[in-house]
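Written out below as structure tokens is the structure these notes cover.
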Amino acid sequence: MTETPGYLKNLKKESVVQSVINCLTDAMRNKELKPGDRIPPEPDLAASLGVARSSVREAIKILTYLGVLESKRSEGTFVCSGFKESMIDPMIYGIILNQDSFENLMELREMTETGIMRLAIQKYGEAEGRALEELLEQMRAVMDSGEDMVDRFFQIDDQFHDMISQMGKNPLADKISRVVRSLTCAMRYETVSTMINSGRMEELIAAHSQLYETLKRGDLSHVRETVRDSYFGEFLFGKGHP
């Protein structure tokens, strides 16, 4: 007779689906289930846990949606072998539904931007540096053109920060950075619009130039100050917020 894995303990009846989820994820944390491992079939899981097959099926659906498990036709269900972007999507919904305050979002952005800058400095490459220089030139070209400046500048601004995020060569950190920028998109657009329309576009470009120079110098000692002094620090964190 096959020995039942230790994580397949009989569960209490309340919140059965969540209990199944907790049981499986605890097993992953404890290394009883490892990336690439096949989990037991639904009937075996249900019998071992003392729950209905429908509860096990629902738990597996949820974990599959979250990118924790993956089903392979005719082979079974397996623990995923790597990070998937879908794993972080519930956090986005949670923040949106929780209606976090402006201050909380800005603190989160400062924290992520500072961390991303540190990673980018440590892994700085000349090719990425040249790409940032090109984006700075595009910002100056937008200013000189005098046409449709807000939308065009904001688009380049996003590309600039995407590039810095990618320079860190950490897919998880990059995804979190993109999530935070997405959540603060309206606020960032308002700031860019206000500064451009009030004749302060030079300040915007100077802020981005400061970030670039910090990366190029490899200056880890003043990263937080650089982030706070840039337009998304100074103007979104206090005195200059429109």
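All of (1) outside any helix (DSSP H, G or I); (2) modelled with pLDDT of 95 or more; (3) not basic (K, R) hold for E137 with one exception: (1).
For the subset of the stretch 31-59 comprising residues that are open to solvent by less than 50 Å² (accessible area, probe 1.4 Å), part of a helix (DSSP H, G or I) and touching a residue at least 24 places away in the same chain (Cβ under 8 Å), which member is nearest to L172 (Cα to Cα)? Filtering first and then ranking leaves A59. Q159: touching a Leu at 6+ places or on another chain (Cβ under 8 Å), under 29 Å from K123 (Cα atoms) and open to solvent by 30 Å² or more (accessible area, probe 1.4 Å), yes or no? Yes, satisfied. Applying the criterion of being surrounded by fewer than 18 Cβ atoms within 10 Å (Cβ to Cβ) and among the aliphatic types (A, V, I, L, M) to the residues of the stretch 116-134, the residue that is nearest to V227 (Cα to Cα) is A131. Looking only at residues in the stretch 64-78 that are among the hydrophobic types (A, V, I, L, M, F, W, C) and part of a strand (DSSP E or B), the one that is surrounded by the most Cβ atoms within 10 Å (Cβ to Cβ) is L69.
When the stretch 125-169 is filtered for residues that are within 21 Å of the chain's Cα centre (by Cα) and over 25 Å from M187 (Cβ atoms), the ones remaining, listed by number, are E128, K169. For the stretch 163-188, filtered to residues that are under 19 Å from V150 (Cα atoms) and among the polar types (S, T, N, Q), the residue that is most open to solvent (accessible area, probe 1.4 Å) is S182.
To keep it simple, each residue is scored yes or no on (1) modelled with pLDDT under 90; (2) over 28 Å from R181 (Cβ atoms).
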residue	(1), (2)
R29	yes, yes
E32	no, yes
S54	no, yes
C80	yes, no
I92	yes, no
S101	yes, no
R109	yes, no
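Here the stretch 191-210 is the region considered, the condition is being outside any helix (DSSP H, G or I) and small (G, A, S), and the residue that is surrounded by the most Cβ atoms within 10 Å (Cβ to Cβ) is S198.
When the stretch 161-190 is filtered for residues that are among the hydroxyl-bearing types (S, T, Y), assigned to a helix (DSSP H, G or I) and modelled with pLDDT under 85, only S182 remains.
From the set of residues in the stretch 211-220 that are assigned to a helix (DSSP H, G or I) and over 15 Å from M139 (Cβ atoms), which is most open to solvent (accessible area, probe 1.4 Å)? Only one residue fits best here, namely R217.
The values are calculated or read from the model by the stated rules, or taken from the named source; none is laboratory data. Note that the structure is a prediction, hence the values are computed from the model and not measured. Backbone-built Cβ (ideal geometry, glycine too); neighbour counts: all protein chains shown. All accessible areas refer to the heavy atoms of the entire protein, side chains included, with ligands and DNA or RNA removed. Shrake-Rupley method; radii C 1.70, N 1.55, O 1.52, S 1.80 Å.
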